[in-house]
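No value in this document is a laboratory result; all are computed from the given coordinates. Just so you know, these numbers come straight off a predicted model, no measurement behind them. When we count neighbours, we look across all protein chains shown, and the Cβ atoms used for this are built from the backbone with ideal geometry, even at glycine.
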Amino acid sequence: MKIEGRTFIVSGGASGLGRACVEDICRAGGYAAILDMNDELAQEVVKSIGGGKTKFFEANVLETESIAAAVKGALEWVKETGKEVGGVIAAAGVATPAKARSSSRVIIDRNLEPFSMSDFDFVMNVNVRGTIDLIRQVIPHMARSTPVGSDGERGIIVMVSSAAAFDGQPGQVSYSASKGAIASLTLPLTRDLSRYGIRVVTIAPSIFDSRMTAMMSDKVRASLLRTTEFPQRPGKPHEFAQLVTQSIENIMLNGVVLRLDGGMRMPSKM
Ligand SMILES: NC(=O)c1ccc[n+]([C@@H]2O[C@H](COP(=O)([O-])OP(=O)(O)OC[C@H]3O[C@@H](n4cnc5c(N)ncnc54)[C@H](O)[C@@H]3O)[C@@H](O)[C@H]2O)c1
C-alpha cells in the first residue's frame, strides 16, 4: 500500500511511538487522523506537522461511543480531503511499570494480599478492548473502499504488542496478558480480513524512548539494556515508525508478530 495520498488512523498518535508514526506517514506524503485522549499533546503534533496533513479527534479508547464519534469525524475528514483510509495504527496503550517491591501490581504482595482486579481490567481494557474496538469500527469503511493495485489491496491494520508478551517480568501479569492477547489475535484477525484485501501486522517492541518508559527507574532501564544484544540502548520512536511504514508498503508482510528489540530478552530478576 502506497502511503502517499492515503489517510491512516493512528490511536495514541499524540505521543511516543504513535506520534513517530504520524510524523513518518506525513513525511511520506500520507495523512494522519490522530485519535487520542491527550488534547494538549495532540494539538502540538498537529501544529508541528502543519499543512493540514493531520487532524486530531479526541477519543478515549475505553469507551465505544467515544471511539465511534472520533471515527465518524475522521471519516468525514477523509471525505473532505479525498484521501482514502489506508489503515489503522493502534498505538494507544498503557503500561504498568515493572515491579516495585510490595507494589499491588505483583499478583500477591508481601502480606499475601492479591492485586486489585480493577488494575488488571484497566490495562486489559485499554490495551486489548480499546485496540479491537477501534479496529472493529474502522474495518467496515475499509472493506467498502475501492481496492487498489493488481492484488486488490484495501489496507492494513498495525497493532502494538511488546517484548512483555513473551518474556514478561515479575509484576507484569496484567501488561503481559494484554500484549500476549494482541500477539495471539493477530493471526485470526488476518484470516478474518484477508478476503477484503486487508493485512494485519503486529510489532512487539522492547524498550523504546517515550513518555511511557521515561518513568522507568535507572535500575530497571540499566537491567533491560544489559540484556539487549546490540545496540545496547533504547530504541528511538522513529525506528519503530520505520517498521510501521515498511509494513504498510510491503504487501508480503501479513499475519505476523515482529519483534523489534535489538535481541533483548527480558530477565526474570532486575
Ligand atoms: N515505549 C516502549 O518501550 C514500548 C514497548 C513495548 C510496547 N509499547 C507499546 O507501544 C504503545 C505506545 O506506547 P508509547 O511508548 O508510545 O507510550 P506513550 O505514553 O508515549 O503514548 C501512549 C499514547 O496513548 C494514549 N492513550 C493512553 N490511554 C488512552 C486511552 N484510553 N484512549 C486514548 N488514548 C490513550 C496516550 O494519551 C498517549 O498519547 C503502547 O501500546 C505500549 O504498550 C511501548
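Take every Cα pair under 8 Å in the chain that's 6+ residues apart, average their separations, divide by the length, and report that relative contact order as a whole percent.
Details: 548 pairs, mean separation 55.4, N = 270.
In percent, rounded to a whole number, it is 21.
Per the Kirkwood treatment, what hydrodynamic radius in Å, one decimal, follows for the stretch 112-238 from the mean inverse distance over all distinct Cα pairs? Walk me through the numbers before you get to the answer.
Values: mean 1/r = 0.0598 Å⁻¹.
Averaging 1/r across every pair of different Cα atoms and inverting gives 16.7 Å.
Read phi for every residue in the stretch 167-183 and hand back ³J(HN,Hα) as whole Hz from Karplus 6.51 cos²θ - 1.76 cosθ + 1.60, θ = phi - 60°, with x for Gly and Pro.
Values, residue by residue: 10, x, 9, x, x, 10, 3, 5, 4, 5, 4, 5, 6, x, 5, 4, 4 Hz.
Per Stokes-Einstein, at 10 °C and 1.306 mPa s, what whole-number D in µm² s⁻¹ belongs to the stretch 7-123, with the Kirkwood radius over Cα pairs as the hydrodynamic radius? Write out the running numbers ahead of the final one.
On the way: Rh = 15.6 Å.
Answer, rounded: 102 µm²/s.
For each of Val148, Val128, Val88, count neighbouring Cβ atoms within 10 Å of the residue's Cβ, then give the residues from fewest to most. Present the calculation step by step, with values, prior to reporting the outcome.
Values: Val148 16, Val128 20, Val88 28.
Taking fewest neighbouring Cβ atoms as first place, the list is Val148, Val128, Val88.
Taking just the alpha carbons, could you work out the radius of gyration and Dmax for the stretch 7-260, both in angstroms?
18.1, 62
Treat the count of other C-beta atoms within 10 Å as a stand-in for reagent exposure and order Ser206, Ser162, Ser48 from fewest to most. Intermediate results must be reported in sequence, preceding the final value.
Details: Ser206 23, Ser162 29, Ser48 11.
With the fewest neighbours first, Ser206, Ser162, Ser48 line up as Ser48, Ser206, Ser162.
Longest segment of the chain with no trypsin sites (Lys or Arg not before Pro) in a DSSP loop having at most 11 other Cβ atoms within 10 Å? Kindly include the intermediate steps, with their values, before the conclusion.
Numbers: sites that count: Arg101, Arg110, Lys269.
No qualifying site falls inside 111-268, the longest such stretch.
Measure nothing fancy, just the Cα-based angle from helix 39-49's long axis to the longest principal axis of the chain, in degrees from 0 to 90, nearest 10.
On a 0 to 90 degree scale, this one is about 50.
Roughly how many whole Å is it from the C-alpha centroid of the stretch 16-68 to that of the stretch 164-198?
Each part's Cα centre sits 23 Å from the other's.
Please work out how many pairs of lysine residues in the chain are eight or more positions apart (or on different chains) and have Cα atoms closer than 18 angstrom.
Lysine pairs, 8 or more places apart or on different chains, close enough: 14.
Any chance you could give the angle, 0 to 90 degrees and rounded to 10, that helix 64-81 forms with the longest Cα principal axis of the chain?
40
Going by alpha carbons, how many degrees (0 to 90, nearest 10) lie between the helix axis of 237-249 and the longest principal axis of the chain?
Orientation of helix 237-249: about 40 degrees from the principal axis.
Could you calculate the contour length gain from Ser217 to Leu258, that is, 0.36 nm times the residue separation minus the distance between their Cα atoms, to one decimal place in nm? If you can, show how the numbers build up before the last one.
Working: separation 41, 0.36 × 41 = 14.76 nm, distance 2.67 nm.
This chain segment gains 12.1 nm when fully extended.
Starting from the Cα gyration tensor of the stretch 165-252, take the square roots of the eigenvalues, sort them a ≥ b ≥ c, and report rounded, prolate or oblate (rounded when a/c is under 1.5, otherwise prolate if a/b is larger than b/c, else oblate).
Values: a/c = 2.84, a/b = 1.63, b/c = 1.74.
The shape class here is oblate.
Considering amide H positions built from the backbone, and no H for Pro or chain starts, which residues 5 or more places from Ser161, or on another chain, come under 5 Å of its amide H?
Ile203, Ala204
Which ordering of Met215, Met270 is given by a fewest-first count of other beta-carbon atoms within 10 Å? Can you show the working numbers first?
Details: Met215 9, Met270 16.
By the 10 Å Cβ count, ascending, the order reads Met215, Met270.
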